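A.B. asks: Mind having a look at this structure? Questions to follow.
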Amino acid sequence: MIEGKNSIVLPIVGGIIALSVIFSVMLLWSGKLNDNDTSAKGHPNLGDDFTLQSAAGPVSLSDYRGKVVVLYFGYAFCPDVCPTSLGLLSLAFNKLSQDELNDVQAFFISVDPERDTVEKLEKYVGVFHPSIMGITGTPEEIAEVARIYGAIYMKVELPGSALGYSVDHSSRYYLIDREGVARELIPHGTSPEDIVVSLREVLNIQE
Ligand code: NI
């Protein structure tokens, strides 16, 4: 009798424990961004408001309701990843009509506040496209915005280099619609043509 009960109860208890573990792991990872993620769905923090500083003063994401916003995390001393990404984004912007371009604003969020002053950022992004604005903040403010958007960055010391250090960072564009809802994540290395397709998809969302 007792053995019979155990043979039924134990597998059920074991099953419940296993399911709880799987569920907890899923919960833990549900907010994390995967390199292959292209949709903002399932990442409720994306699109959350923040305020950082530009050369022209404070900038909040919520100031740009009505426009499609592109966010990118990087830093001005970046030797290759950021110039490539900003270059591809600029080429994409140049393929938009003037009307479309008027409805788009990109922000380059510096994860290197130690070296990237707002003046330096303004000059840096100005080389690429007038629709890109450089913004930054205190290390704590940047850490918080990066946390919200699942962006990763890490200072890497470069002994013997004139640069002193580099900053490894994740590279993707976040597309936020006119209502402030994050819609798409565009992976690093996407062609200007494909960036334009994504920009137009988000530009054409009518609430
Ligand atoms: Ni970079």
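A.B. asks: If a residue has to be under 22 Å from residue 61 (Cβ atoms) and open to solvent by 30 Å² or more (accessible area, probe 1.4 Å) to count, how many in the range 147-169 make the cut?
C.D. replies: Total satisfying the criteria: 4.
A.B. asks: What are the residues in the range 57-76 that are out of contact with any strand residue (DSSP E or B) (no Cβ under 7 Å at 6 or more places or on another chain), touching a residue at least 60 places away in the same chain (Cβ under 8 Å) and more than 18 Å from residue 148 (Cα to Cα), if any?
C.D. replies: Restricting attention to the range 57-76, the residues satisfying the condition of being out of contact with any strand residue (DSSP E or B) (no Cβ under 7 Å at 6 or more places or on another chain) are 57, 62-63, 65-66.
Restricting the remaining residues to those that are touching a residue at least 60 places away in the same chain (Cβ under 8 Å) gives 62, 65-66.
Those that are out of contact with any strand residue (DSSP E or B) (no Cβ under 7 Å at 6 or more places or on another chain), touching a residue at least 60 places away in the same chain (Cβ under 8 Å) and more than 18 Å from residue 148 (Cα to Cα): 65, 66.
A.B. asks: Restricting attention to the range 129-175, and to residues there that are free of Cβ contacts under 8 Å to residues at least 12 places away in the same chain and assigned to a loop (DSSP other than H, G, I, E, B), which single residue is farthest from residue 46 (Cα to Cα)?
C.D. replies: Checking each candidate, the answer is 160.
A.B. asks: Give the range 58-93 a look and list any residue that's aromatic (Phe, Trp, Tyr), under 17 Å from the mean Cα position of the chain (by Cα) and either modelled with pLDDT under 95 or within 16 Å of the ligand (Cβ to nearest atom) (or both), or say none. Explain how you work it out, then say what you get.
C.D. replies: Applying the first criterion (aromatic (Phe, Trp, Tyr)) to the range 58-93 yields 64, 72-73, 75, 77, 93.
Now drop any that are not under 17 Å from the mean Cα position of the chain (by Cα), which leaves 64, 72-73, 75.
Residues satisfying the conditions are 72, 73, 75.
A.B. asks: Can you say whether residue 167 is more than 16 Å from the ligand (Cβ to nearest atom) and not hydroxyl-bearing (Ser, Thr, Tyr), as far as the supplied structure shows? Please lay out each step first, then the result.
C.D. replies: On the way: more than 16 Å from the ligand (Cβ to nearest atom): no; not hydroxyl-bearing (Ser, Thr, Tyr): yes.
Considered against the rule, which asks whether it is more than 16 Å from the ligand (Cβ to nearest atom) and not hydroxyl-bearing (Ser, Thr, Tyr), residue 167 comes out as no.
A.B. asks: From 198, 110, which residue is among the hydroxyl-bearing types (Ser, Thr, Tyr), away from the ligand (no atom under 16 Å from the Cβ) and in contact with an Asp or Glu (Cβ under 8 Å, 6 or more places away or on another chain)? Spell out how you get there, then give the answer.
C.D. replies: On the way: 110 fails: away from the ligand (no atom under 16 Å from the Cβ).
Answer to the check: 198.
A.B. asks: Let me ask you something else. Any idea which of 205, 132 is buried (at least 17 other Cβ atoms within 10 Å of the Cβ) and closer than 18 Å to residue 96 by Cα?
C.D. replies: Values: 205 fails: buried (at least 17 other Cβ atoms within 10 Å of the Cβ).
None of the other options fit; the residue is 132.
A.B. asks: Got a sec? Which of 116, 99, 103 is over 20 Å from residue 150 (Cβ atoms) and within 16 Å of the ligand (Cβ to nearest atom)? Outline the logic, then answer.
C.D. replies: Values: 99 fails: within 16 Å of the ligand (Cβ to nearest atom); 103 fails: within 16 Å of the ligand (Cβ to nearest atom).
Of 116, 99, 103, the one residue that is over 20 Å from residue 150 (Cβ atoms) and within 16 Å of the ligand (Cβ to nearest atom) is 116.
A.B. asks: I would also like to ask the following. What about residue 112, is it open to solvent by 10 Å² or more (accessible area, probe 1.4 Å) and of a type outside the set (A, V, I, L, M, F, W, C)?
C.D. replies: Numbers: open to solvent by 10 Å² or more (accessible area, probe 1.4 Å): no; of a type outside the set (A, V, I, L, M, F, W, C): yes.
Here the answer is no, as residue 112 does not meet what is asked.
The values are calculated or read from the model by the stated rules, or taken from the named source; none is laboratory data. As the structure is a computational prediction, the values presented were derived from the model and not from experiment. Ideal geometry is used to build each Cβ from the backbone, glycine not excepted, and the neighbour counts take in all protein chains shown. These area figures cover heavy atoms from the full protein model, side chains too; ligands, DNA and RNA do not enter into them. Shrake-Rupley method; radii C 1.70, N 1.55, O 1.52, S 1.80 Å.
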